[in-house]
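Asks: The following block contains the structure, expressed as C-alpha cells.
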Amino acid sequence: MSSISKKYGERVENFSNKAARELLSLIERKKTNLSLALDVTTKREFLEIADKVGPYICLLKTHIDILVDFDQDLIDQLKELRAKHDFLIFEDRKFADIGNTVKYQYSKGIYKIVEWADITNAHPLPGDGIVSGLKEVGLSLGRGLLLLAEMSSKGSLATGAYTEAAIEMARRHKDFVIGFIAGRKLICNDDEDFIVMSPGVGLDASKDGLGQQYKTPRSVIFENGSDIIIVGRGIYGKDKDVATEAQRYRDAGWNAYLERLTN
Ligand code: S5P
C-alpha cells in the first residue's frame, strides 16, 4: 500500500532514522500534522508564541539566526517547551555549501544547531557532499535531514530535472535524508517512503508582497499528498489570537489527512 493511503503511525517502520520515527509516532499520538514556522525576532515573542501554540503542533520550525537577542538560555527554554508540549524542532537552516563547510556550520559557531534541532534542511545544489558532511555530525545523534526539492516562492528554480535530482540524492542517503520540502508528494512507490513538508500554506491570503505563494491545507494534504503543513504568518500575523489560529490550522490539516485516508 502506498504511503499516501497509510496512517502516519503505520509508516514508522519504513524509517531507520530516529528523528523520522519519532516524528511519525508523535503525529499519530498528538493528531496534528501542523508545523509552526516561528519567524519572530525577539526571544520574548518566540517563547511566548511557542508556549501558546505548542499543544497544537508536531514540529516547531525555527530560523535561529533572526533572533536579535539569541542566547543559550533561549535554547534551554526551547528544549523545556519541547518536552512540555511534545513537539520536535526543525531548524530551517537551508544549508547550501560544500560538505566540509556545512559540517562546521551545523555543529559549531554560536548556534550549534546539531545539538538541539531534531531536523534540519539543505539545498541539493552543491551535490552529494552536502549530505555527507551534515551526516557526519548529525546521524550518530539521531538527527534527520530534509532536501529542498521544490520551493513555494514565485519563480523558484527548483523544478523539473532539479527536483528529480533531489529525489535521487535522497535515495542515496536514506539513513539520514528523511524527506523533502516540496509542495506535493514526490514519490508514490509502495516500497519507499519520504516525509514531505509543505510551506506556503495559508487560509486567508494567497500571497505576500515578496514572492511567497499560499495554498490551503486541504489542497496541500488532500489534493497534493503532502504530509505536514508549515504555517507561519497565518498563525501569528497582526491581530491574530495565536492559539485560536493554530487550532484552526491543526483542524484543517488533520481533516484533510482523514479525508485522504478514506478516499
Ligand atoms: O520553499 C519554501 C521553503 C521554506 S522552508 N518556502 C518557505 O516559505 N519556507 C519557509 O516557510 C520560510 O522560510 C518561512 O519560514 C516559512 C513560511 O512562512 P509564512 O509566514 O509565509 O507561512
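We did not get these values from a lab; they are worked out from the coordinates using the rules stated. All values derive from a computational prediction rather than experimental measurement. We place every Cβ from the backbone using ideal geometry, glycine too, and count neighbours over all the protein chains shown.
Asks: In the range 83-128, how many are within 18 Å of S198 (Cα to Cα) and among the charged types (D, E, K, R)?
Replies: 5
Asks: Evaluate the range 171-181: report whether one residue or more is free of Cβ contacts under 8 Å to residues at least 24 places away in the same chain and over 28 Å from L74 (Cβ atoms).
Replies: Among the residues of the range 171-181, at least one is free of Cβ contacts under 8 Å to residues at least 24 places away in the same chain and over 28 Å from L74 (Cβ atoms), which makes the answer yes.
Asks: Can you tell me how many residues in the range 39-93 are surrounded by 14 or more Cβ atoms within 10 Å (Cβ to Cβ), in contact (Cβ under 8 Å) with a residue 40 or more places away in the chain, more than 19 Å from V242 (Cα to Cα) and among the charged types (D, E, K, R)?
Replies: Result for the range 39-93: 1.
Asks: OK, next. Counting only residues that are closer than 26 Å to I130 by Cβ, in a helix (DSSP H, G or I) and over 17 Å from the mean Cα position of the chain (by Cα), how many does the range 70-93 have?
Replies: Counting residues in the range 70-93 that are closer than 26 Å to I130 by Cβ, in a helix (DSSP H, G or I) and over 17 Å from the mean Cα position of the chain (by Cα) gives 1.
Asks: Just checking, how many residues over the range 110-146 are polar (S, T, N, Q) and either within 12 Å of the ligand (Cβ to nearest atom) or part of a loop (DSSP other than H, G, I, E, B) (or both)?
Replies: The total comes to 2.
Asks: For the range 147-263, which helices (runs of 4 or more DSSP H) that fit wholly inside it have 2 or more residues that are in contact with a Pro (Cβ under 9 Å, 6 or more places away or on another chain)?
Replies: Of the helices (runs of 4 or more DSSP H) lying wholly inside the range 147-263, those with at least 2 residues that are in contact with a Pro (Cβ under 9 Å, 6 or more places away or on another chain) span 160-171, 242-261.
Asks: Of all residues in the range 148-196, which are touching a Ser or Thr at 6+ places or on another chain (Cβ under 7 Å) and of a type in the set (D, E)?
Replies: E150, D175, D190, D193
Asks: Shifting gears a bit: Can you tell me how many residues within the range 21-69 are in contact with a strand residue (DSSP E or B) (Cβ under 7 Å, 6 or more places away or on another chain), within 19 Å of Y111 (Cα to Cα), hydroxyl-bearing (S, T, Y) and not in a strand (DSSP E or B)?
Replies: 0
Asks: Quick check on this structure: which one of N17, N33 is more than 21 Å from A256 (Cα to Cα) and either surrounded by 15 or more Cβ atoms within 10 Å (Cβ to Cβ) or touching a residue at least 60 places away in the same chain (Cβ under 8 Å) (or both)?
Replies: Result of the check over N17, N33: N17.
Asks: Just to verify a result, which residue in the range 226-240, among those that are touching a helix residue (DSSP H, G or I) at 6+ places or on another chain (Cβ under 9 Å) and farther than 18 Å from I195 by Cα, is farthest from the ligand (Cβ to nearest atom)?
Replies: K240
Asks: Mind counting the residues in the range 65-77 that are out of contact with any helix residue (DSSP H, G or I) (no Cβ under 7 Å at 6 or more places or on another chain) and of a type outside the set (D, E, K, R)?
Replies: Final tally of qualifying residues: 4.
Asks: Okay, moving on. Can you say whether Y257 is within 11 Å of the ligand (Cβ to nearest atom), buried (at least 22 other Cβ atoms within 10 Å of the Cβ), over 15 Å from L146 (Cβ atoms) and touching a residue at least 24 places away in the same chain (Cβ under 8 Å), as far as the supplied structure shows?
Replies: In short, no.
Asks: Just give me the residues in the range 3-14 being surrounded by 14 or more Cβ atoms within 10 Å (Cβ to Cβ) and either of a type in the set (S, T, Y) or closer than 18 Å to V177 by Cβ (or both), in sequence order.
Replies: S3, Y8, R11, V12, N14
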